[in-house]
Amino acid sequence: MGFYINNKDWKKVIDYAQASYDEFKSEVGGFMIATIDKDGDYIISDPEILQQEVTSGTTEMDKVAVADYYVKACMEHGKDVRFVWWHSHADMNAFWSGTDTSTMKEYSSGDWSAFLVVNIKGEYKFRVCVWNPIDAHEDTELTILDAKARTVPKAIVTQVKKLCEKPVYTPTKWTGYGYGTVLSKSDVS
């Protein structure tokens, strides 16, 4: 069993990462689907981002948007579809952070799950976690088919600007309990 992604879909993931970095100096995350082909290999496709809050070190997708995505993807691709959670590490290295491994455990209700972390240089880590019958994981190769040079399309930049927001920090006076207040974009609009 191997894992493959076509260049168009790979480029879209990296373009999302680049656009979020350019716009917010932040990470961004989303989902893809994995479908099995006639040879028993998995083809990973259809990267999407959802409504989310992004920072330089985290991304948190809106739970309603995630639920809506699952329903839409299952209606479009069938109930046997697998989901791949992906996110970027902006201009940092591609590695599994403690937050990443904790998030992976949230997807442990099935027999296996797949995860991808990328950076704006196109470096990546791809992990398959087996949950049943035992917990095990392995970082493995994700083969990019027909790889080519890339530029970020305006539609990707527009979508990142529309669906992502960075929290606004306002300075406050020292109270002995901490500095500043975190406001969401909607609090300052």
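The values are calculated or read from the model by the stated rules, or taken from the named source; none is laboratory data. Since the model is a prediction, treat every value here as computed from it, not as a measurement. No Cβ is skipped: glycine too gets one built from the backbone with ideal geometry, and neighbour counts run over all protein chains shown. Side chains are part of the model used for accessible areas, which takes the heavy atoms of the whole protein and leaves out ligands, DNA and RNA. Shrake-Rupley method; radii C 1.70, N 1.55, O 1.52, S 1.80 Å.
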Single residue of Phe115, Phe95 found to be open to solvent by 30 Å² or more (accessible area, probe 1.4 Å) and under 21 Å from Ser20 (Cβ atoms): Phe95
Qualifying residue in segment 31-46 (condition: free of Cβ contacts under 8 Å to residues at least 40 places away in the same chain, open to solvent by 60 Å² or more (accessible area, probe 1.4 Å), outside any helix (DSSP H, G or I) and touching a Lys or Arg at 6+ places or on another chain (Cβ under 7 Å)): no
Residue pairs meeting the criteria (Cβ under 8 Å; at least 6 apart or on separate chains; first in contact (Cβ under 8 Å) with a residue 24 or more places away in the chain and under 13 Å from Arg127 (Cα atoms), in segment 93-109; second among the β-branched types (Val, Ile, Thr) and open to solvent by less than 50 Å² (accessible area, probe 1.4 Å)): Ala94/Val117; Ala94/Val118; Phe95/Val117; Trp96/Val117
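Being surrounded by 22 or more Cβ atoms within 10 Å (Cβ to Cβ) and not β-branched (Val, Ile, Thr) is the requirement here; does Trp10 meet it?
Working: surrounded by 22 or more Cβ atoms within 10 Å (Cβ to Cβ): yes; not β-branched (Val, Ile, Thr): yes.
In short, yes.
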Search result, residues across segment 73-89 that are at pLDDT 95 or above and not in a strand (DSSP E or B): His89
Subset of segment 129-148 (residues that are surrounded by 10 or more Cβ atoms within 10 Å (Cβ to Cβ) and in a loop (DSSP other than H, G, I, E, B)): Trp131, Asn132, Asp135, Thr140, Glu141, Leu142, Ala147
Test for Thr99: is it polar (S, T, N, Q), touching a strand residue (DSSP E or B) at 6+ places or on another chain (Cβ under 7 Å) and on the phi < 0 side of the Ramachandran plot: no
Where Phe126 falls short, out of the listed (1) in contact with a Leu (Cβ under 6 Å, 6 or more places away or on another chain); (2) surrounded by fewer than 18 Cβ atoms within 10 Å (Cβ to Cβ): (2)
Matching option when the condition is in contact (Cβ under 8 Å) with a residue 60 or more places away in the chain, of a type outside the set (Lys, Arg) and part of a helix (DSSP H, G or I), among Tyr4, Tyr21: Tyr21
Evaluation of Thr151 against (1) closer than 19 Å to Asn6 by Cβ; (2) of a type in the set (S, T, N, Q); (3) not in a loop (DSSP other than H, G, I, E, B) (one fails), failing number: (3)
Single match in Gly176, Gly110, Gly122 (criterion: in a loop (DSSP other than H, G, I, E, B), at positive phi and at pLDDT below 90): Gly176
